[in-house]
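Data first, discussion second: the structure below is written as structure tokens.
The values are calculated or read from the model by the stated rules, or taken from the named source; none is laboratory data. None of these values were measured; they are calculated from a predicted model. Neighbour counts are summed over all protein chains in view; Cβ atoms, including those assigned to glycine, are modelled from backbone coordinates with ideal geometry. Accessible surface is based on the protein model in full, side chains and every heavy atom, while ligands, DNA and RNA are left aside. Shrake-Rupley method; radii C 1.70, N 1.55, O 1.52, S 1.80 Å.
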Amino acid sequence: MPCEKKPMRYGHSEGHTEVCFDDSGKFIVTCGNDGDVRIWEGLDDDDPRFITVGEKAHSLALKNGKLVTASSNNTVQIHTFPEGEPDGILTRFTTNATHVTFSRSGSRVAAASSDFLVKVVALSDSSDQKTLRGHEAPVLSVTFDPRDQLLASSSCDGSVVVWNIEEQSQVTRWTLLKKSSDVSNAKSLCRLAFQPPSGKLLAVPVEEKVHLYERDTWSHVTTLSDDLITQPVNVVCWSPCGKLLAAASVGGVIAVWDVGSKVCVERQKHEKGFTVCALAFSPCGSQIAYTDTEGCLGLLEGVSSGAAPDRSKSAESAAARDYDDLFDEDEDGLMDEGESPLKRPRPEEEEPIPSTGRVRNRAAFLDDDNSLDTGSLKLGAERFPDEDDGGSSIAPPAAPPVSLQPVYDGPMPTPPQRAFQPGSTPAHLTHRFMMWNSVGIIRAYNDDQDNAVDIEFHDSAVHHAMHLSNTLGHNVADISQEAVLLGCPGTDELASKLQCLHFSSWDNHKDWLVDLPRGEDVRAVCLGVGWAAVATSAPLLRLFTSGGLQREVFSLSGRVVCLSAHGDQLCVVYHRGTGFDGEQCLGVQLLSLGRRRRQILDQPLPLSPRSHLSWMGFSAEGTPCSVDSEGVVRMLNRSLGNTWTPVCNTRDTCKSKSDHYWVIGVHENPPQIRCIPCKGSRFPPTLPRPAVAVLPFKIPLCQTSTEKGQMEEQYWRSVLLHNHHSFLSVSGYAVDQDALSHSLKEQQELLMKMFALSCKLEREFRCVELAEMMPQNLVTLAIKYASRSRRMALAERLSKIALEKAQEDQEEEHEEEHEEEHSGEAAPRCSRQPPEDEDEEEDLEAEPQPRKRVNPFAKDTAASPEKVSLKPVSVSKGARSNPFKVSSGASPAQPRIANVLDNIPHRKSAPLTSSSASKTKKSPVLKPLAPRAKSKTQTLLQMSSKANTKNPEQRPIESPAPASPEGAPQSAPQSAPQDTENKRPQTGFQLWLEEHRKSILAENPDLEETDVIKEAMGRFRSLTAEERLSWTERAKGPSCDDAKKRKRPEEEGGDEGRREETPEETSAKKPKTAAAKLSAFAFN
């Protein structure tokens, strides 16, 4: 008996649901935990009608145009069907009603409740009630005898009772079930049922089996079971003819038995394994509708009794046997005939299969685990003695193999997720949130009293609250600091409309309205800064300005799922393709709509297995975030190739499986997820106003219960949340320097703690790995810690890492400075030219940026090794020589690297920074190698040099002598004072490099400047400690004092005329020039 299982449809929120057919079989009616009753015109109905009966609907029954529901307000209500108009309250209980059912005639209703009572109420006169007392716990279910004389009920006290309705007495009582305290704690709902139309048998689900009891004698007749059912049976249901009995278990298995033969003729399993809590046969008996505890509706089609179609199937069997005999006349065809009823209804689909049906059927029959034994075959043969073809008699037993019914046995496609608005509740609710975000709340009311939209702002300073009449039927909305955007679908008469309330406009016209083209409906909307976006069913994305001007319009790559915006960023989620096995195939597109319009990314959107997207938006700092139906919050990691990192799982903090968190916003500083806890539901009610909770971030690393795992999680969480600073800086936004420095300090404290822990555990290799992640100044602290821990081998490795990091930093600075001065680096060496002044002006303009500082040694960078060698300046006797010329041709990198090497063991107050951040941020906090004051000093000295160049009359000494043949020394005396007078004292490495540069270049003439420095570093480090100390003492001696004491001579002359000025003479001369004043101001 082939049966087709349709894909399930989402109908209600998570929790108990029930289903039934109307008398004609045209409508399927369901109810659920969301308090709604939905009326489906078939499973493919995309817009079912709904009736709100209360906060929750526990059960329903439908008969003769009357819909009876048991709601959470302890009442049993009546509504007309299909209009859905309220028709009064049938009865009341002191607690919730748990189950309702109609009598066969439809004249009476039986209702069970948690107050241990069962009431039988006449539909025409609700005062005509009969109360059945005797259960000692909440009642699980009730069912009428088809003759309307008896009623059976099951209870949490473990009993099943048969009542005489008129006498209100117990006819019989069995103790069959496990006891429980409440319906929610019961192992099974125990939905029992009398056999129609005679009521001869009573079916009772008992654990994993179904017991059948005979009427009148109430003896146990037989038991129906199946190997596939391994968990308690939840509900049973008879077909209208009474020949088939369907049962569904807690494990999601649906089995159908032929009661006459006691053979299981159909087996189906829930596609996700959820509990099936309701079953209903259609009036014609060919369909079974079922619902699960996740609120989904399913349908089995092609269900029929085994006797009715046997004669036609027998004819098809004979035809199939004749077809098979064409290929093999020696065989009797018994194997093939057993499977022919399954394959013949669709011969067209099986023609492309290259093998004959006989070979395929034999393999399938022999390999089928669900095939029956010989006893079952004999039972089938005895039941059909009149058939001329004995092979057809085993057709019903051979039907259960589900895998043989469809030709395609692969994964089934998943229904695509519908478009939704992040921060909104389902559109079918009469009272719902249209939007809840960080700016405000938009509520929609659509009931008998009012059809309106209420807009509330969290900060009343932005705008006052508004109440709008929803005459157009808006169903999507968004709210920002500038405007409110509303959209409504189109009708047969009216086009879909987009309405904007631009309350931040300074003119008198605060709103505008746009009609979309015919046949194009609004699916999703969002608001950015100065613009609005709407995704339509075309599928197109249309952009508008806040004032209503139309901007770009472009096609989307698939049907839109949702839109979200932040500043200039627009995020679009769409269907990339068809998902399978419950998976959604979604893509995310991130666009920048600022001055540089560009696409940032377009990639698949990761989701948890068998889940759908429930929220998409941006953090308050502008990082895209997503939340799926499994509660996993993911954040875009811009520093790792735009990958998505899970930062929280809201399900970890839920107390019950039915509880959820409804996310409304994400913040990175401080790190928190703002959400609303929903008990027993996926979304909150509008009234009372729900309270907002805050959840922390937690990256799902391994072994977070250990100290090492906790520090690793804290470090990488801090790194992830630190990424938004670089994005804000690049985008031109202000960066909170305090938060930035605090984040860097936190990261490096965690690195040092992990380093100390690894040292304690003697994991030296891990210590080196941690040092690779540290900035240079933090490695020095690690070296100290390793030295104090007497791990000298580790300290030696760390010192190499510190040197490499210092070299990398200086090379990067050297490259930056070289690029800045590339255009005019040769001219300043030959003569004073305007380009030098322009470069100095650019340096002055860039001075507020701390990293844009002038290197005192940058003048000699571009020179070749020959020009920077230690050659004395040859001048004529009559020419005035420069008394301040220092015989140093070191490159700009020399003092930097020398300072790093000399200061590695002595840096105690260096700020904790990130080397990676120092490359991009240009921040004083991120520049530990050079103090901030030096940058200002060098800039002021450049101003001094510039002033001396532009005002030669103010300088007390001129140089009338002609330039030397080389030309280079002419400019050197003018730039030398600013490089020698105010620079830091030379280090031992600098002095050693000055004297040994020639020998290094002689041995390696092809070396570049940076290579010369590296070679010099290696040789200097190879010296003994005494030799290095002597060079350091020599550097501190005359070079430091002479540089401070030497001043310009008073009269012209050769080297013989030079004299050192006293400090009194120096102080008397300094105030005479503007440059000297600036220098004095800088140093004071």
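Against the conditions (1) surrounded by fewer than 16 Cβ atoms within 10 Å (Cβ to Cβ); (2) assigned to a helix (DSSP H, G or I); (3) at pLDDT below 75, where does residue 979 fall short? Just the number, please.
For residue 979, the exception is condition (1).
Would you please list the contacts, defined by Cβ atoms under 8 Å and residues six or more apart or on different chains, that run from a residue in the stretch 781-801 that is within 12 Å of residue 767 (Cβ to Cβ) and part of a helix (DSSP H, G or I) to a residue that is open to solvent by 50 Å² or more (accessible area, probe 1.4 Å) and modelled with pLDDT under 90?
783/905
Filter the stretch 624-653 down to the residues that are touching a strand residue (DSSP E or B) at 6+ places or on another chain (Cβ under 7 Å) and open to solvent by 10 Å² or more (accessible area, probe 1.4 Å) and list them by number.
To start, the set of residues in the stretch 624-653 that are touching a strand residue (DSSP E or B) at 6+ places or on another chain (Cβ under 7 Å) comprises 624-629, 631-637, 642-650, 653.
Selection gives 629, 632, 634, 637, 642, 643, 644, 645, 646, 648, 649, 653.
Yes/no matrix, rows are residues, columns are (1) among the basic types (Lys, Arg); (2) under 21 Å from residue 791 (Cα atoms); (3) free of Cβ contacts under 8 Å to residues at least 60 places away in the same chain:
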{"site": "711", "(1), (2), (3)": "no, no, yes"}
{"site": "715", "(1), (2), (3)": "no, no, yes"}
{"site": "721", "(1), (2), (3)": "no, no, yes"}
{"site": "731", "(1), (2), (3)": "no, no, no"}
{"site": "734", "(1), (2), (3)": "no, no, yes"}
{"site": "739", "(1), (2), (3)": "no, no, no"}
{"site": "753", "(1), (2), (3)": "yes, yes, yes"}
{"site": "764", "(1), (2), (3)": "no, yes, yes"}
{"site": "770", "(1), (2), (3)": "no, yes, yes"}
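In the stretch 404-450, which residue that is more than 24 Å from residue 32 (Cβ to Cβ), touching a Phe, Trp or Tyr at 6+ places or on another chain (Cβ under 6 Å) and in a strand (DSSP E or B) is least open to solvent (accessible area, probe 1.4 Å)?
Ranking the qualifying residues of the stretch 404-450, first place goes to 440.
Taking residue 316, is it modelled with pLDDT under 90, assigned to a loop (DSSP other than H, G, I, E, B) and not hydrophobic (A, V, I, L, M, F, W, C)?
On the way: modelled with pLDDT under 90: yes; assigned to a loop (DSSP other than H, G, I, E, B): no; not hydrophobic (A, V, I, L, M, F, W, C): yes.
No, not satisfied.
Say whether the condition of being of a type in the set (Phe, Trp, Tyr) and out of contact with any His (no Cβ under 6 Å at 6 or more places or on another chain) is met by at least one residue in the stretch 36-49. Before you say what the answer is, go through the steps one by one.
Let us first name the residues in the stretch 36-49 that are of a type in the set (Phe, Trp, Tyr), namely 40.
Cutting the leftovers down to out of contact with any His (no Cβ under 6 Å at 6 or more places or on another chain) gives us 40.
Yes, the stretch 36-49 contains at least one residue that is of a type in the set (Phe, Trp, Tyr) and out of contact with any His (no Cβ under 6 Å at 6 or more places or on another chain).
Evaluate the following for residue 683: is it touching an Asp or Glu at 6+ places or on another chain (Cβ under 9 Å), within 30 Å of residue 445 (Cα to Cα) and aromatic (Phe, Trp, Tyr)? Break it down into steps so the answer makes sense when it comes.
On the way: touching an Asp or Glu at 6+ places or on another chain (Cβ under 9 Å): yes; within 30 Å of residue 445 (Cα to Cα): yes; aromatic (Phe, Trp, Tyr): yes.
Yes: the conditions hold for residue 683.
Going residue by residue through the stretch 472-490, is there one that turns out to be more than 22 Å from residue 562 (Cα to Cα) and more than 28 Å from the chain's Cα centre (by Cα)?
First, pick out the residues of the stretch 472-490 that are more than 22 Å from residue 562 (Cα to Cα): none.
Checked against the condition, which is being more than 22 Å from residue 562 (Cα to Cα) and more than 28 Å from the chain's Cα centre (by Cα), the stretch 472-490 yields no hits at all.
Could you list, in sequence order, all residues of the stretch 28-65 that are closer than 12 Å to residue 84 by Cβ and open to solvent by 60 Å² or more (accessible area, probe 1.4 Å)?
Scanning the stretch 28-65 gives 49, 50, 52.
Can you pull out every residue in the stretch 747-774 that is part of a loop (DSSP other than H, G, I, E, B) and either among the charged types (D, E, K, R) or at pLDDT below 90 (or both)? Break it down stepwise before answering.
Narrowing the stretch 747-774 to residues part of a loop (DSSP other than H, G, I, E, B): 761-763, 774.
Answer for the stretch 747-774, where residues must be part of a loop (DSSP other than H, G, I, E, B) and either among the charged types (D, E, K, R) or at pLDDT below 90 (or both): 762, 763.
If I go through the stretch 451-474 residue by residue, how many of them are part of a loop (DSSP other than H, G, I, E, B) and open to solvent by 50 Å² or more (accessible area, probe 1.4 Å)? Give the steps one after another, and end with the answer.
Looking only at the stretch 451-474, we keep the residues that are part of a loop (DSSP other than H, G, I, E, B), and these are 458-465, 470-474.
Now narrow it down to the ones that are open to solvent by 50 Å² or more (accessible area, probe 1.4 Å): 458-461, 464-465, 471-472.
Residues meeting the conditions: 8.
Taking the condition over 20 Å from residue 138 (Cβ atoms) and either crowded, with 22+ Cβ neighbours inside 10 Å or in contact with a Ser or Thr (Cβ under 7 Å, 6 or more places away or on another chain) (or both), does residue 208 pass?
yes
Might you let me know whether the stretch 152-173 holds any residue that is more than 26 Å from residue 262 (Cβ to Cβ), of a type in the set (Phe, Trp, Tyr) and open to solvent by less than 20 Å² (accessible area, probe 1.4 Å)?
The answer is yes; a qualifying residue exists.
When the residues of the stretch 78-126 are narrowed to those that are in a loop (DSSP other than H, G, I, E, B) and of a type in the set (Asp, Glu), which ends up least open to solvent (accessible area, probe 1.4 Å)? Please lay out each step first, then the result.
Going through the stretch 78-126, the residues in a loop (DSSP other than H, G, I, E, B) turn out to be 81-85, 93-96, 103-107, 114-117, 123-126.
Filter once more, keeping what is of a type in the set (Asp, Glu): 83, 85, 115, 125.
Working: 83: 124, 85: 109, 115: 34, 125: 74 Å².
My answer is 115.
Those residues that are in contact with a Pro (Cβ under 8 Å, 6 or more places away or on another chain), open to solvent by less than 10 Å² (accessible area, probe 1.4 Å) and in a strand (DSSP E or B), I need them from the stretch 237-255; list them, please.
Selection gives 247, 249.
May I ask you to say which residue of 721, 701, 687 is farther than 30 Å from residue 34 by Cβ and at pLDDT below 90? Please lay out each step first, then the result.
On the way: 701 fails: at pLDDT below 90; 687 fails: farther than 30 Å from residue 34 by Cβ.
Of the residues listed, the single one that is farther than 30 Å from residue 34 by Cβ and at pLDDT below 90 is 721.
Which of the residues spanning the stretch 518-571 are polar (S, T, N, Q), more than 22 Å from the chain's Cα centre (by Cα) and open to solvent by 10 Å² or more (accessible area, probe 1.4 Å)? Walk me through it before giving the result.
Applying the first criterion (polar (S, T, N, Q)) to the stretch 518-571 yields 536-537, 545-546, 550, 555, 557, 564, 569.
Remaining after also requiring more than 22 Å from the chain's Cα centre (by Cα): 536-537, 545-546, 550, 555.
Answer for the stretch 518-571, where residues must be polar (S, T, N, Q), more than 22 Å from the chain's Cα centre (by Cα) and open to solvent by 10 Å² or more (accessible area, probe 1.4 Å): 537, 545, 546, 550, 555.
Looking at the stretch 488-513, which of its residues are touching a Phe, Trp or Tyr at 6+ places or on another chain (Cβ under 7 Å) and outside any loop (DSSP other than H, G, I, E, B)?
Within the stretch 488-513, 500 is the sole residue that qualifies.
Checking residue 700 against (1) open to solvent by less than 10 Å² (accessible area, probe 1.4 Å); (2) within 19 Å of the chain's Cα centre (by Cα): exactly one of these is not met. Which one?
Status for residue 700: all satisfied but (1).
Within the stretch 673-688, can you find the residues that are under 17 Å from residue 426 (Cα atoms), free of Cβ contacts under 8 Å to residues at least 40 places away in the same chain and open to solvent by 20 Å² or more (accessible area, probe 1.4 Å)?
Selection gives 677, 679.
Take the stretch 187-214 and flag every residue that is touching a Leu at 6+ places or on another chain (Cβ under 6 Å), closer than 30 Å to residue 72 by Cβ and assigned to a loop (DSSP other than H, G, I, E, B).
189, 190
Please work out if residue 604 is exposed (fewer than 15 other Cβ atoms within 10 Å of the Cβ), under 16 Å from the mean Cα position of the chain (by Cα) and not acidic (Asp, Glu).
For residue 604, the condition - exposed (fewer than 15 other Cβ atoms within 10 Å of the Cβ), under 16 Å from the mean Cα position of the chain (by Cα) and not acidic (Asp, Glu) - is met.
For residue 574, only one of the following conditions fails: (1) surrounded by fewer than 20 Cβ atoms within 10 Å (Cβ to Cβ); (2) modelled with pLDDT of 95 or more. What is its number?
Result: residue 574 passes all but (1).
Tell me which residues, restricted to the stretch 256-274, are surrounded by 21 or more Cβ atoms within 10 Å (Cβ to Cβ), farther than 12 Å from residue 303 by Cβ and within 41 Å of the chain's Cα centre (by Cα).
270, the sole residue that qualifies.
Quick one: how many residues across the stretch 804-823 are over 41 Å from the mean Cα position of the chain (by Cα) and modelled with pLDDT of 50 or more? So that I can check it myself, show each step before the final result.
Residues of the stretch 804-823 that are over 41 Å from the mean Cα position of the chain (by Cα), as a first pass: 814, 817-823.
Checking which are modelled with pLDDT of 50 or more leaves us with 814, 817-822.
So the answer is 7.
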